[in-house]
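Below: the structure, in structure tokens.
The values are calculated or read from the model by the stated rules, or taken from the named source; none is laboratory data. Worth saying up front: this structure is predicted, and the values here are computed from it rather than measured. Here the Cβ positions follow ideal geometry from the backbone for every residue, glycine too, while neighbour counts run over all protein chains shown.
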Amino acid sequence: MSRISTPSASRRWLALALIALAQFIVIMDTSIIGVALPKMQEALGFSQENLSWVFNAYVVVFGGLLLLGGRLSDLFGARRMFSLGWVMLAVGSFVAGIAGNAATELVGRGVQGVGAALIAPSALTLLMMLFGANPKELTTAFAFYGAAAPAGGTAGVFLGGLITEYASWPWVFYINIPIAVIALVAAPALLPGGALASRGSIDLFGALLATLGLGAAVFAIVRAPEVGWSNIGTWGVSAAAAVLLVGFLVLQAKKREPLMPLAIFRAPGLGAANLAQLLLGASWIPMWFFLNLYLQQVLGFSAFPSGAALLPMTALIMIGMIVIAPRLITRLGAKAMIVSGLGLLAGGLYWLSFIRPDGSFWVDVLPASLLAALGMSLAFIPSLQMAISSAKPEQGGLASGIVNTGYQIGSAFGLAVVTAIAAAYGASQLGNVSALTDGFSVAFIAAAVVALLGAVLATITLRSDKSVLAKVSTDSRV
């Protein structure tokens, strides 16, 4: 095992701020483009059907490369991959900003996705390296890291609107460049160096199978609502994804130094906690997406007030993750919090299904969204912590890649399926507020079913956390 240089105690919390910033930016880049899309369509010549790929190009590459990013983090050092990720994110942002046509724009977004796939797993690995020896501090660190995600999502909506209105759409990408420079300067001083594991070979063929398989799966999912679930192309890409992923699993079982050792799933709680994260993303992201549409297309909010309407929900999530969750996890345990959090999220989503065409923010949105936000804040931190902490220290990057992959693919799958269901019930009938409301209502019910399924499966599959936490406490000191 390579020697790890750890920063002084006084700098660890500054390091956490840098790690949280990474999570903030990775999530912000999924939402900051929303308000700018019409301007980008006009400038770059996107068709109405293909405009969604400004979002999808980032998600597909991000989700497809996360496992490789985690493995590289374990082999070559989390700090090195963290820094390389920021370089790639800055390059991709520059290309996306200067793009003069649709193809160049999608290339830039794809390179941004590569950067995010390197940053996300290495950031979680670095968090474990810094705080893994102290379970109480680790819970606090996870709380700040988790709260950075909703903050980034909301900030993206605000900044996208402000930048598009008062500057120009390329600046929704350029804003990443000075932040990347700051991160690259700060990383050597604040973050631990060295690699967690001995140097080994990279399973390039396995990485290719995993990336193509996951990428094809996400591609099929996000494109299906546009071309149809019964379309031969959808079935063909889905079949190709299945073949590639099965081939990947077979290769991992036989290879001496695999990209993803299947034995990692023997760790207590890892698989079940990842399943909880997947279903959490599959229910939360559709809620956020359709809540924005209801506010703008039915209640008539413009982009900036719509973003402001999300602030109470975001504030509660941050308070829940930073203040409430760390205190409750020691009293109730991770399993109880994951189950209850998913249950509350399901309840909030079902409450949102009672929205009206002539409704109001204060009655139809605020109470239900706060209940859903409380559920999200309770379930996210313990499921993330259980998934990451269950792995051995030298597999921290891999575990981080797995849990990030699960959440991203769950988000894409959930949004695609719920969008298809909502469209069948009227959510695509722009201008007809009654039909739109009916479609959005069904969308919230479908997302509630996903969250409820998550609560049931967590009850069945998650082990008592006493044994898991005891293992975590022991492994974190190895």
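Kindly list, by first and then second residue, each pair from a residue in the stretch 107-130 that is under 17 Å from A187 (Cα atoms) to a residue that is not in a helix (DSSP H, G or I), limited to pairs with Cβ atoms under 6 Å and residues at least 6 apart or on different chains.
L126/L191; M129/P192
Sort out which residues of the stretch 220-277 are assigned to a loop (DSSP other than H, G, I, E, B), in contact (Cβ under 8 Å) with a residue 12 or more places away in the chain and closer than 24 Å to V54 by Cα, and write them in order of number. Walk me through it before giving the result.
In the first step, residues of the stretch 220-277 are kept if they are assigned to a loop (DSSP other than H, G, I, E, B); the result is 228-231, 255-261, 267-269.
When the remaining residues are screened for being in contact (Cβ under 8 Å) with a residue 12 or more places away in the chain, the result is 229, 255, 257-261, 267-269.
Result: W229, single match.
The conditions are (1) crowded, with 24+ Cβ neighbours inside 10 Å; (2) within 19 Å of G401 (Cβ to Cβ), and S83 fails exactly one of them. Which is it?
Going through (1) crowded, with 24+ Cβ neighbours inside 10 Å; (2) within 19 Å of G401 (Cβ to Cβ) one by one, S83 breaks only (1).
With the requirement that a residue be free of Cβ contacts under 8 Å to residues at least 40 places away in the same chain and assigned to a loop (DSSP other than H, G, I, E, B), what does the stretch 401-432 give you?
Y425, G426, S428, Q429, G431, N432
Would you point out which residue out of A143, A155, A167 is closer than 29 Å to W288 by Cα, among the aliphatic types (A, V, I, L, M) and crowded, with 21+ Cβ neighbours inside 10 Å?
Answer to the check: A143.
Yes or no: the stretch 388-396 includes at least one residue that is buried (at least 21 other Cβ atoms within 10 Å of the Cβ), within 17 Å of the chain's Cα centre (by Cα), at pLDDT below 90 and not assigned by TED's automatic domain parsing to the domain that holds E226.
Yes, some residue in the stretch 388-396 is buried (at least 21 other Cβ atoms within 10 Å of the Cβ), within 17 Å of the chain's Cα centre (by Cα), at pLDDT below 90 and not assigned by TED's automatic domain parsing to the domain that holds E226.
Got a number for residues in the stretch 255-313 being among the β-branched types (V, I, T) and over 30 Å from L398 (Cα atoms)?
So the answer is 1.
Quick check on R71: is it basic (K, R) and at pLDDT 85 or above?
No: the conditions fail for R71.
Yes or no, residue by residue, for (1) hydrophobic (A, V, I, L, M, F, W, C); (2) over 27 Å from L457 (Cα atoms); (3) crowded, with 24+ Cβ neighbours inside 10 Å:
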residue: A308; (1), (2), (3): yes, yes, no
residue: M321; (1), (2), (3): yes, no, yes
residue: G333; (1), (2), (3): no, no, no
residue: A336; (1), (2), (3): yes, no, no
residue: Y350; (1), (2), (3): no, no, no
residue: D364; (1), (2), (3): no, yes, no
residue: A379; (1), (2), (3): yes, no, yes
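Determine whether the stretch 168-184 contains at least one residue that is outside any helix (DSSP H, G or I), in contact (Cβ under 8 Å) with a residue 12 or more places away in the chain, over 19 Å from the mean Cα position of the chain (by Cα) and farther than 25 Å from V60 by Cα. Before you say what the answer is, go through the steps one by one.
Taking the stretch 168-184 and keeping what is outside any helix (DSSP H, G or I), we get 168-170, 175.
Of the ones still in play, those that are also in contact (Cβ under 8 Å) with a residue 12 or more places away in the chain are 168-170, 175.
In the following step, the residues that additionally are over 19 Å from the mean Cα position of the chain (by Cα) were identified as 168-170, 175.
Next cut, farther than 25 Å from V60 by Cα only: 168.
Yes, there is a match, as at least one residue in the stretch 168-184 is outside any helix (DSSP H, G or I), in contact (Cβ under 8 Å) with a residue 12 or more places away in the chain, over 19 Å from the mean Cα position of the chain (by Cα) and farther than 25 Å from V60 by Cα.
Each row is one residue, and each column tells you yes or no for (1) of a type outside the set (A, V, I, L, M, F, W, C); (2) without any contact (Cβ under 8 Å) to a residue 12 or more places away in the chain.
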{"site": "P305", "(1), (2)": "yes, yes"}
{"site": "P312", "(1), (2)": "yes, no"}
{"site": "G343", "(1), (2)": "yes, no"}
{"site": "L352", "(1), (2)": "no, no"}
{"site": "L366", "(1), (2)": "no, no"}
{"site": "S369", "(1), (2)": "yes, no"}
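Please go through (1) in contact with a Lys or Arg (Cβ under 7 Å, 6 or more places away or on another chain); (2) more than 30 Å from P258 (Cβ to Cβ) for G153 and return the number of the only condition it doesn't satisfy.
Result: G153 passes all but (1).
Looking only at the stretch 290-349, count how many residues are at positive phi and either among the aromatic types (F, W, Y) or touching a helix residue (DSSP H, G or I) at 6+ places or on another chain (Cβ under 8 Å) (or both).
1
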